[in-house]
Structure formats: C-alpha cells, structure tokens
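Worksheet for the structure shown next.
The values are calculated or read from the model by the stated rules, or taken from the named source; none is laboratory data. Note that this is a predicted model, so its numbers are computed, not measured. A quick note on method: Cβ atoms are made from the backbone with ideal geometry, for glycine too, and the neighbour counts reach across all protein chains shown. Protein only, heavy atoms only, side chains kept; ligands, DNA and RNA dropped before computing areas. Shrake-Rupley method; radii C 1.70, N 1.55, O 1.52, S 1.80 Å.
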Amino acid sequence: IIEDVASFEVFRNTESLEPAVREILQSNDCMLVDASLGHRDWAQWMKLVGPTIVTDHHHHNSYMVVIRKRRNNIPAHPVQINFGSVAMQVNKVVHDDEEEKKEAGSN
C-alpha cells in the first residue's frame with residue numbers, strides 16, 4: 001500500500017510514469033482508493049490540515065494505491081474490454097485459463 005498519494009492525476013497517464021513504476025503497476029493487480037470517502041467530519045479535517053493538504057473532495061492527500069502481487073503472470077494476449085452489449089454480462093467474461101485452453105487447442 002502506498003499511502004498519502006496527494007493526487008490521482010499522476011496515475012491517469014501511466015505513460016508519464018518511470019518505466020520501473022509502470023512495470024510494477026502493469027504486472028500486478030492495482031487500484032487507487034480515495035480513503036476520504038465517508039469522512040465523518042470533512043469540514044473539521046479541512047480546517048485542521050489546511051489548504052496545502054486538502055482543498056476539496058478531489059484534491060487532497062488521502063488517496064492510496066493498493067498493489068496486490070499476482071501469483072501468475074498474465075499471458076500476452078489482447079485485453080478483453082467488456083463494453084456496450086457485453087458489459088456486466090457474466091457469461092461474456094473470458095478468464096485467462098479459458099484463453100490458454102483456446103490457444104492450446106489451436107496449436
């Protein structure tokens with residue numbers, strides 16, 4: 001976990017990251033978390049930490065990057081993007097092991 005990420009903007013364009021950082025992010029399961037969600041006293045926290053740390057619900061240092069190491073490498077095959085009529089349909093999801101089976105059968 002990388003805590004106190006001051007801006008999520010740096011992660012929007014991964015091409016701008018150092019190659020080693022990009023490799024870590026692309027080789028593992030990663031997510032960006034806004035830990036301020038549901039803060040019980042946002043106004044008081046803003047006063048306490050000041051405008052250099054927090055200006056609004058988008059600009060603050062309470063983001064964190066959670067990195068979970070993958071047990072297996074993802075095979076080098078095109079990424080499946082579920083969009084439109086395929087999105088949110090469980091029967092349309094292709095799992096990595098199914099892709100491997102398809103590739104093995106075609107060789």
Hydrodynamic radius of region 1-96 per Kirkwood, over alpha carbon pairs, in Å: 16.2 Å
Area of Thr55 that stays accessible when all protein chains are in place (1.4 Å probe, Å², to 10): 70 Å²
Positive minus negative residues near Glu15 (Lys, Arg vs Asp, Glu; Cβ under 14 Å): -1
Segments 57-64, 6-13, 80-87 sorted - mean Cβ within 10 Å per residue, highest first: 57-64, 6-13, 80-87
